[in-house]
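In what follows, a single structure is set out as structure tokens and then discussed.
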Amino acid sequence: MRILIAPDKFKGALNARDVAENIATGLRDVLPDAEIDIVPMADGGEGTAEAIYDARNGTWLQCKAHDPLGREIDTRYAWIENEKLAVMEMSEAAGMRRLQPDELNPEKAATFGVGEMILYAAKREALEIIIGLGGSATNDGGFGMARSLGFRFFSGTKELTTGVSELANLTEILLPEKAVAAAVPSAQPKSRRLTQPPLQPTLPKVIAAVDVKNPLLGTNGATRIFGPQKGASMETIAVLEKALTRLADVVSNEFGFDYRNEPSAGAAGGLGFGLMSFCGAKIRSGFDVVAEAVGLEAKMKDADVVIAGEGGLDRQTLEGKTPAGVAWLARKLGKPVFAIVGRATEDREVREIFDGVYENARPGMSQEENMKRAAELLRGNGRELAKSL
């Protein structure tokens, strides 16, 4: 029997490889002769770079950048030399994990460090950059990232360089001088105002890997849906929504295009919008990006049974999260597929995409204990699943 294990991380407990290894240990206790293939997965959130690095024999490159509050930090991204491919996560520079709980402040948090990481990869002559958008502490629409790339934002004659709330008074965006020179080397433009998608002549191809479909603004937008978990009060949400609305308006006026309503523009606090607007990025399903990079479909064709996994299984799973992606691909190939998760909803629509769902959660068990015992519980569920096979 050939079994493919393709889980995502159990956030706060185990990375995707550790999840898979523990499930595999449980399976082997019951099925010692089974052929087990482990494929750590991700969907654009944290773990995306590691999954591609793992599958493509990458190396980690270090670079200096700034965290959401402007402190210098060491960051890293995966480098696939034979493809000149850089794979990074925005959370490495601008993620929640970079801040203490009492430091969360979406009015001040910036994506400046993300732009610095992009520049490092560009200077290494990357042909393509994949950026996973997940785990963000920011809600700046890519304002900070764009500034680090050389864009300048003005309210009249005053340059805006601090918090995203300043963007409520934004009147003009100026193109980086170097970008103009690179695009038209012989030109001496009288104005540096943007008239076309910027930076494409100087930056490599940029792919934004996402696991949400929210637009930039509105009731389902970046601020109202994700702002509260980043520390935004109702008053702050109004300020941020006004600022991002103004940013979108000025980008539309200056560039001649408008991505505010594009699916996933609201990913990572509007960084999806910023990457499309300032880097000419293409938005793609994070699951699809990772699945292609690790060759998931080809590996699944040889399997008799498929196992997915993640910390939680709920309605959001159906929005493009790893377990759903694995399940849908397995269905397409006619393979039985099971999920082993930390906890699961009773929602029938979610559970029915699998042939069976195994939970680590037990009656009376706290979330803290569930996470602490994740490895042990995964092994137990692996044994239970193996018995049914």
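Within segment 350-359, being more than 25 Å from the chain's Cα centre (by Cα) and either over 22 Å from residue 29 (Cα atoms) or of a type in the set (S, T, N, Q) (or both) holds for one residue alone: 352. Screening segment 347-384 for residues that are farther than 21 Å from residue 15 by Cα, part of a helix (DSSP H, G or I) and in contact with a strand residue (DSSP E or B) (Cβ under 7 Å, 6 or more places away or on another chain) and picking the one that is least open to solvent (accessible area, probe 1.4 Å) gives 350. The set of residues in segment 214-238 being in a helix (DSSP H, G or I) and surrounded by fewer than 20 Cβ atoms within 10 Å (Cβ to Cβ) consists of 224, 225, 228, 229, 234, 235, 236, 237, 238. So which residues in segment 37-76 are hydroxyl-bearing (Ser, Thr, Tyr) and open to solvent by 10 Å² or more (accessible area, probe 1.4 Å)? Residues satisfying the conditions are 53, 59. Considering only residues in segment 121-145 that are modelled with pLDDT under 95 and under 19 Å from the mean Cα position of the chain (by Cα), the one that is nearest to residue 282 (Cα to Cα) turns out to be 134. Scanning segment 261-284 for residues that are open to solvent by 40 Å² or more (accessible area, probe 1.4 Å) and part of a loop (DSSP other than H, G, I, E, B), we see that the one that is farthest from residue 156 (Cα to Cα) is 263. Condition (residue is more than 28 Å from residue 163 (Cβ to Cβ) and part of a helix (DSSP H, G or I)) applied to segment 55-70: is it met by at least one residue? Yes, the conditions are met somewhere in segment 55-70.
Out of segment 107-132, which residues are open to solvent by less than 10 Å² (accessible area, probe 1.4 Å), in contact with an Asp or Glu (Cβ under 8 Å, 6 or more places away or on another chain) and outside any helix (DSSP H, G or I)? Scanning segment 107-132 gives 109, 111, 131, 132.
The criterion of being among the basic types (Lys, Arg), open to solvent by 70 Å² or more (accessible area, probe 1.4 Å), touching a strand residue (DSSP E or B) at 6+ places or on another chain (Cβ under 9 Å) and over 29 Å from residue 215 (Cβ atoms) does not hold for residue 387. If we keep just the residues of segment 17-31 that are open to solvent by 10 Å² or more (accessible area, probe 1.4 Å) and farther than 23 Å from residue 49 by Cβ, which is nearest to the chain's Cα centre (by Cα)? Residue satisfying both the conditions and the ranking: 25. Remark: residue 77 falls outside the filter, which requires a residue to be hydroxyl-bearing (Ser, Thr, Tyr) and assigned to a helix (DSSP H, G or I). Take residue 329 and tell me if it is at pLDDT 95 or above, hydrophobic (A, V, I, L, M, F, W, C) and outside any loop (DSSP other than H, G, I, E, B). Spelling it out, residue 329 is indeed at pLDDT 95 or above, hydrophobic (A, V, I, L, M, F, W, C) and outside any loop (DSSP other than H, G, I, E, B). If only residues of segment 91-106 that are charged (D, E, K, R) and over 17 Å from residue 74 (Cα atoms) are counted, the one that is most open to solvent (accessible area, probe 1.4 Å) is 102.
The values are calculated or read from the model by the stated rules, or taken from the named source; none is laboratory data. Just so it is clear, the model here is predicted, and its values are computed rather than measured. In this analysis, Cβ positions are derived from the backbone assuming ideal geometry, glycine residues included, and neighbour counts consider all displayed protein chains. Quick note on the areas: whole protein, heavy atoms, side chains included, nothing else; ligands and nucleic acids left out. Shrake-Rupley method; radii C 1.70, N 1.55, O 1.52, S 1.80 Å.
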